[in-house]
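What follows is calculated from the coordinates using simple rules that are stated; it is not laboratory data. What you are looking at is a predicted structure, and each value in this text was computed from that prediction instead of being measured. Using ideal geometry, Cβ is built from the backbone for each residue, glycine included, and neighbour counts are taken over all protein chains shown.
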Amino acid sequence: MTTVITYGTFDLLHTGHINILKRAKEMGDFLIVGVTADKYDRERGKLNVQQSLSERIDNVKQTGLADKIIVEEYVGQKADDIQKYNVDKFVIGSDWIGKFDWLQQYCDVVYLPRTQGVSSTLLRNQKNGILKMGIVGNGRIASRFITESKYVSGIEVSAILGKNADHVKKFADKFQINENFTDLNAFLDVVDAVYIATPHVTHYDYIKQAILHKKHVLCEKPMVLSKDQAQELYDLAKQNDVVLFEAIKTAYAPCFAQLIGVAKSGTIGIIKNVVATFTKIIPDKTLREWDKNLGGGAFNELASYPLLAITKLLGTEPKHIHFTSFLDKDTNVDYMTRADFVFNNAVATATVAIGAKQEGSMVIAGTNGYIYVPAPWWKTEYFEVRFEDASKNMKYFSRFDGDGLRYELADFLALLRTKSMNYKLSGAESIFMADVLEKFNTALRTSENIDIL
Ligand code: CTP
């Protein structure tokens, strides 16, 4: 008996898939088909798969060609499967030529010509169209976003809006963006969605205008610095049937989502303390981060990351918050701030700085053990669950590619297509963060609930 094995995602099953399965089947007596797990696809950078694993398995089943279907979950599994199932032939499309030659040590490796003119990517794009995305702002983050957007199929950055006509044109030329604008309404007319990457204090107006023009919005963090504004914007988005997303990249990182799942599963018992730190030294005091009028300061700039972890783990209703800030004499913004939270049955501390440096780790303490996430925990790739009995410790890894913006962008796209809820960073959680930022800025102004050093 000749056993043949082949692998694929098999999203939106098409003739290319059927052809290769048929030809693979003809090459032996028994065909095993490996279908990629969702997590595995995300980890290898395939971010826009539309159907769930069970739907994709059904696709393969319905062809009637597979004698056995397995799930591919990790890098290197192919070698294990080939040995485990005593496979004689490994078959894959010609788009992979050379990549699997190493499997020849276990079985024959056959590359079959791909069927021309069809792919899941093409079908996804035909079905959903390409989302025309416009960027508001032509600064540092905007250029990072363009690089990252290339990893998410189904999105095209088609327009850019800036204040200065010369600068915005230069930016558009550099990144080959079709259209550039200085007029907001003209810009909004030509896009389906916007990414807002301007200073915090300008976000509210841009978001509001975009939503009123029925455009989906992905807005850099912190989205706004006031609870009422955040609430109003989420309500407005709902009324206008558009998606509003706060772009805190950590929320969408595969490993962070797993970390939250593990922490909330009871593995470490009841969560008692969350300590999260994010510090930078930004020496150039002429930058936006140090400008009081542009919402500068360490807390406004960086608190979103620890606040995200705290709200995901402990909720949105602390009983008290107390701040301790170090103020910079030249700029009058906080260069380091610690926020201490007391919840009903737990505490948390967020420490951020733009003018001091500290280990950027996160520790989540529980009644059975704790979770340690090394720096930079906000680009979550790895965490450890540790117990009194160290032999029970567990290590978890997941990839965090590039700048990480690709993950939030892929989720943004998926969500606006499916109109489902953003459980990774809900409106309520985003409103909570705006509320804490507002409380901080009020504390700075009134000197209440704060020690200023
Ligand atoms: N395949 C093929 N001809 C096509 C498309 C895919 O022979 N036109 C083969 C691939 O080479 C692979 C298998 O089908 O051996 C599963 O491929 P998969 O990655 O699921 O399909 P794609 O359409 O290539 O998916 P995507 O566009 O998402 O990369």
Taking only Cα atoms of the chain, radius of gyration then Dmax in Å
24.8, 81
List, in order, the whole-Hz ³J(HN,Hα) value for each residue of region 148-164 obtained from phi through the Karplus relation with A = 6.51, B = -1.76, C = 1.60 and θ = phi - 60°; use x for Gly and Pro.
5, 5, 5, 8, 10, 6, x, 10, 10, 7, 10, 8, 9, 10, x, 8, 9
Whole-Hz ³J(HN,Hα) from phi, Karplus 6.51 cos²θ - 1.76 cosθ + 1.60, for region 15-29, glycine and proline x
4, x, 5, 4, 4, 5, 5, 4, 5, 5, 4, 5, 7, x, 10
The residues Ser226, Ser447, sorted from fewest to most surrounding Cβ atoms within 10 Å, come out as Ser447, Ser226
For region 321-389 and region 174-247, what is the separation of their Cα centres, given in Å?
30 Å
Would you calculate the separation in nanometres between label points at His213 and His322, each defined as 7 Å from the Cα along the Cα-to-beta-carbon direction?
4.7 nm
Footprinting proxy, Trp96, Trp378: sorted fewest to most Cβ within 10 Å, the residues are Trp96, Trp378
Looks like region 35-184, by Cα gyration tensor root eigenvalues a ≥ b ≥ c and the a/c under 1.5 rounded cutoff (else prolate when a/b is bigger than b/c, oblate otherwise), is prolate
Ranked by Cβ crowding within 10 angstrom, fewest neighbours first, how are Thr121, Thr418, Thr349, Thr36 ordered?
Thr418, Thr121, Thr349, Thr36
For the chain, with +1 on Lys and Arg beta carbons and -1 on Asp and Glu, the positive-most of Val347, Val168, Gly427 along the dipole
Val168
Once the Cβ-Cβ distance between Val110 and Asp403 is put in as r, and R0 is 30 Å, what FRET efficiency do you end up with, to the nearest 0.05?
0.20
If exposed means no more than 14 neighbouring beta carbons inside 10 Å and the site is in a DSSP loop, what's the longest run of the chain without any exposed GluC sites (Glu not before Pro)?
74-358
Explain nothing, just compute: Karplus ³J(HN,Hα) = 6.51 cos²θ - 1.76 cosθ + 1.60, θ = phi - 60°, for every residue of region 92-99 in order, whole Hz, x for Gly and Pro.
8, x, 5, 5, 9, 3, x, 5
Net charge dipole size for the chain [Lys, Arg +1 and Asp, Glu -1 on Cβ; Debye, nearest 20]
420 debye
Modelled FRET efficiency - R0 51 Å, Lys392 with Asn449, Cβ distances, 0.05 increments:
0.80
Antiparallel bridge percentage (DSSP; both residues within the chain; nearest 5):
40 percent
Contour minus Cα-Cα distance for Met1 and Lys264 (0.36 nm per residue)
89.8 nm
Specify the inter-centroid distance of region 397-435 and region 14-64, based on alpha-carbon positions, in whole Å.
27 Å
Expected unfolding gain across Asn240-Val363 under the 0.36 nm per residue rule, minus the alpha-carbon gap, is 40.3 nm
Go through Leu453, Tyr370, Ser398 and say which Cα lies farthest out towards the positive end of the charge dipole of the chain; charges sit on Cβ, +1 for Lys and Arg, -1 for Asp and Glu.
Ser398
Tell me, what does the Kirkwood hydrodynamic radius of region 399-453 come to in angstroms if you use every pair of distinct C-alpha atoms?
14.1 Å
Longer than 18 Å from Cα to Cα, which of Lys25/Lys61; Lys280/Lys312; Lys39/Lys150; Lys174/Lys280; Lys264/Lys395 are they? Say none if no pair is.
Lys280/Lys312; Lys39/Lys150; Lys174/Lys280
Contour minus Cα-Cα span, Ser52 to Ser420, at 0.36 nm per residue, comes to 131.0 nm
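What FRET efficiency do you get for Glu179 and Ile69 if R0 is 35 Å and r is their Cβ-Cβ distance, rounded to the nearest 0.05?
So the FRET efficiency works out to roughly 0.15.
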